[in-house]
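Notes follow the structure.
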Amino acid sequence: MFEKTSSTNDVIEKLAHDGVKEGVVVFAEAQTKGRGRLGRKWISPARKGLWFSVLLRPDLRPQEATQLTVASATALARAIKAETGLSPEIKWPNDILIGGKKVAGILTEMSAELDRVKQIILGIGVDVNLTAAEFPPELRKQATSLRIETGKPVSRPDLAARILSELDRDYARICDGKFEALADEWEAGCATIGREVTIQIGGRRVRGTAEALDEDGALLLRTEHGHLERISGGDVTLEK
């Protein structure tokens, strides 16, 4: 546990280079350079949320790494529901929504060789006890917290313990080759499947209907031209 650090993913990366075994978890009360996907800044005020990272060394091929993002999202949604009674939804690939607003996110950073994963760092951020005023004005229509949604403070230690327990369970399911069952649970709680979406992939933009996950956790998109395309990552916008 750190009182303050730049990013818990950065700390885990240094530990990984030193050969630390998988399963190590680093929490920070605050981050000065918290980040989300695509280099976005993640607001991490002190003692208001859960900001932590986990080191994993799974026996997976690089193209299967998306399975861990799916597992993390499923575990996170299950833990939030158990601890708060709320009904979170999953937005592929890495966001947890409540009432259409983001309450948590996952940043997966991988180091791999051509045919195998060397390590994966799961960075998880959960907006637990932030008030509306503590979000920057530009985020207030897009983001929320568990406190805002429940109307009362939520125990961060209890939620952290539940998330790690659920994550441990789902990681074991992946290591045992049981991703298909996990994917079914993910799809049942996903706000993306069946929706019209726009996905920005680098400089390319594709539109279509999100149909399902494939066996590796990638999104199968039926494009506006009728083709079924496999999408392994990108910035997703849910269309109205």
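The values are calculated or read from the model by the stated rules, or taken from the named source; none is laboratory data. Here the structure is a predicted model, which means the values were calculated and not measured. Methodologically, a virtual Cβ is constructed for each residue, glycine included, from the backbone with ideal geometry; neighbour enumeration extends over all protein chains shown. These area figures cover heavy atoms from the full protein model, side chains too; ligands, DNA and RNA do not enter into them. Shrake-Rupley method; radii C 1.70, N 1.55, O 1.52, S 1.80 Å.
What the table below lists for this structure:
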quantity: Count of the stretch 226-238 residues which are under 22 Å from Thr74 (Cβ atoms) and outside any strand (DSSP E or B); calculated: 3
quantity: Every residue from the stretch 130-153 that is touching a Ser or Thr at 6+ places or on another chain (Cβ under 9 Å), open to solvent by 20 Å² or more (accessible area, probe 1.4 Å) and of a type outside the set (Asp, Glu); calculated: Thr131, Ala132, Arg147, Ile148, Thr150
quantity: Scope the stretch 222-232; condition open to solvent by less than 90 Å² (accessible area, probe 1.4 Å) and closer than 19 Å to Glu64 by Cβ; matching residues; calculated: Glu229, Ile231, Ser232
quantity: Condition broken by Ile90, with the remaining ones in (1) in contact (Cβ under 8 Å) with a residue 60 or more places away in the chain; (2) surrounded by fewer than 21 Cβ atoms within 10 Å (Cβ to Cβ); (3) in a strand (DSSP E or B); (4) within 13 Å of the chain's Cα centre (by Cα) satisfied; calculated: (2)
quantity: Any hit, the stretch 139-154, residues being farther than 20 Å from Ser72 by Cβ, among the hydrophobic types (A, V, I, L, M, F, W, C) and at pLDDT 90 or above; calculated: yes
quantity: Count of the stretch 62-76 residues which are under 11 Å from the mean Cα position of the chain (by Cα) and either under 18 Å from Glu180 (Cβ atoms) or not in a helix (DSSP H, G or I) (or both); calculated: 9
quantity: Lone qualifier among Gly208, Gly202, Gly189 - being open to solvent by 20 Å² or more (accessible area, probe 1.4 Å) and either modelled with pLDDT of 90 or more or touching a helix residue (DSSP H, G or I) at 6+ places or on another chain (Cβ under 6 Å) (or both); calculated: Gly189
quantity: Residue match in the stretch 117-126 (condition: open to solvent by 40 Å² or more (accessible area, probe 1.4 Å) and either within 20 Å of Asn9 (Cα to Cα) or modelled with pLDDT of 95 or more (or both)); calculated: yes
quantity: Residue within the stretch 1-8 that is modelled with pLDDT of 90 or more, open to solvent by 50 Å² or more (accessible area, probe 1.4 Å) and not charged (D, E, K, R) present; calculated: no
quantity: Within the stretch 107-133, tally of residues that are more than 21 Å from Val70 (Cα to Cα) and out of contact with any strand residue (DSSP E or B) (no Cβ under 9 Å at 6 or more places or on another chain); calculated: 5
quantity: Verdict on Lys240 being modelled with pLDDT under 90, closer than 22 Å to Lys102 by Cα and open to solvent by 70 Å² or more (accessible area, probe 1.4 Å); calculated: yes
quantity: Filter result (loosely packed, with under 13 Cβ neighbours inside 10 Å, of a type in the set (Gly, Ala, Ser) and in contact (Cβ under 8 Å) with a residue 24 or more places away in the chain) within the stretch 9-27; calculated: Gly23
quantity: Count of the stretch 51-67 residues which are in contact with a Ser or Thr (Cβ under 6 Å, 6 or more places away or on another chain) and of a type outside the set (Ser, Thr, Tyr); calculated: 2
